[in-house]
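The values are calculated or read from the model by the stated rules, or taken from the named source; none is laboratory data. Because the structure is predicted, anything quoted here is derived from the model rather than measured. Reconstructed Cβ throughout: ideal geometry from the backbone, glycine too, with neighbour counts over all protein chains shown. These accessible areas exclude ligands, DNA and RNA; they are computed on the full protein's heavy atoms, side chains included. Shrake-Rupley method; radii C 1.70, N 1.55, O 1.52, S 1.80 Å.
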Amino acid sequence: MIIISDVCKVFEGQEVLKGVNLTIHDGELIAIIGKSGGGKSVLLKNIIGLQTPDSGSISYDGTDITKVNLTQLNKVRERFGVLFQSGALFDSLTVYQNIAFPLRERYGLPEGEIRERVSAALAEVDLNGVDNKYPSELSGGMRKRAALARALVTSPQIVFFDEPTTGLDPVLKNSIHMLIKQCHSKIGFTGIIISHEIPEIFYVADRVAMLHAGVIVQDGKPSDFINSDNPAVREFVHSGMKECTQPTEI
C-alpha cells in the first residue's frame, strides 16, 4: 500500500533522513522505532504529507504524494486517521464535538448519521457516557481513548499513531497498546505506530522497522529484534528492556 523510497530530509540544517526505504503492506500493523530525536516524527510528517522530502518518493497505491498538488494530496489524506502524541483534542469542544469534527469538516453528514457514528466510535474504544464532558475533565487515558475514537470515526484505511502512549503510566500504556491491537484486529486498517516503547511495542506490532542514523537499519518480526546481531539495534532494544517490564496480557 505504501512505498517509501530513498527519502531524504534536511530539517533545521540537520540531515535527519538519509535515504529511508520501507514498504508498508495493506492491513498490517507496523511499528517504527528508534531513539528520541532520531527522526521518527519527521519521517511520519513526510509520510502524511505535512512535510515534503528533499528527495525520494512516498507512494500510496502508486500515487506519489511528493508530486501531487494540494487537492490531490487531500484526496489521499481522506483515507487517513491520526492519533497525535498529545491527543490534539480541542479544549473548547466536548468529547462528542471533538469526535464529530472530522465528519462535519470532511463530509457534511446529517446530524443523525454523525450521532450514530460518534456513538459507535466511543463504544469501539470503551468510552461511554462522556459525550458532554470536555477534555480537561478526562483522565490522561480517557483523553487518549477519545483521540483514538476521533481517529477511527471516519473509517480510515490507514491510521497513524504518533507516540500514542507518551506521558502515561505503565498500566495505561499497556491498556492503550491493547486497545490499538484490538481495534486493528477488528477493523483491519493499515496501522503505523511511531514508538520508542521497548519491549511493549513488540507485543503489539505485526512488524517492526528501526530508524537509526537517518536510515532503516532493520525491518522484520519483533522476535528478530530481540535476537538481532546489529549493534545499534541490540543497544536500543536491550537498554529499553532493562527499563521496562513485559505487559501482563497481550
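Of all the criteria given as (1) under 17 Å from Gly39 (Cβ atoms); (2) without any contact (Cβ under 8 Å) to a residue 12 or more places away in the chain; (3) of a type in the set (Asp, Glu), the one not satisfied by Asp219 is (2). Among the residues of the range 92-103, which ones are open to solvent by less than 20 Å² (accessible area, probe 1.4 Å) and either in contact with a strand residue (DSSP E or B) (Cβ under 8 Å, 6 or more places away or on another chain) or modelled with pLDDT of 90 or more (or both)? Scanning the range 92-103 gives Thr94, Val95, Asn98, Ile99, Ala100. Restricting the first member to the range 98-123 and to residues that are under 13 Å from Ser155 (Cα atoms), and the second to residues that are part of a helix (DSSP H, G or I) and open to solvent by 40 Å² or more (accessible area, probe 1.4 Å), the beta-carbon pairs closer than 7 Å and six or more apart or on different chains are Leu103/Arg117; Ile114/Arg104. Report yes if Thr71 is out of contact with any Ser or Thr (no Cβ under 9 Å at 6 or more places or on another chain), open to solvent by less than 30 Å² (accessible area, probe 1.4 Å) and either without any contact (Cβ under 8 Å) to a residue 24 or more places away in the chain or at negative phi (or both), otherwise no. Criteria not met by Thr71. Scanning the range 104-126 for residues that are surrounded by fewer than 20 Cβ atoms within 10 Å (Cβ to Cβ) and of a type in the set (A, V, I, L, M, F, W, C) turns up Leu109, Ile114, Ala120, Ala123. Within the range 169-204, being touching a helix residue (DSSP H, G or I) at 6+ places or on another chain (Cβ under 6 Å) and not in a helix (DSSP H, G or I) holds for Gly191, Ile194, Ser195, Ile198, Pro199, Val204.
Open to solvent by 20 Å² or more (accessible area, probe 1.4 Å), aliphatic (A, V, I, L, M) and in contact with a strand residue (DSSP E or B) (Cβ under 6 Å, 6 or more places away or on another chain) - does that describe any residue in the range 19-28? Checking the range 19-28: not a single residue is open to solvent by 20 Å² or more (accessible area, probe 1.4 Å), aliphatic (A, V, I, L, M) and in contact with a strand residue (DSSP E or B) (Cβ under 6 Å, 6 or more places away or on another chain). Cβ-Cβ distances below 6 Å connect the following pairs, each with a first residue in the range 31-57 that is open to solvent by 10 Å² or more (accessible area, probe 1.4 Å), a second residue that is part of a helix (DSSP H, G or I) and of a type in the set (Lys, Arg), and a separation of six or more residues or different chains: Gln51/Lys45. Within the range 133-157, if we keep just the residues that are farther than 23 Å from Gly108 by Cβ and without any contact (Cβ under 8 Å) to a residue 40 or more places away in the chain, the residue that is least open to solvent (accessible area, probe 1.4 Å) turns out to be Gly141.
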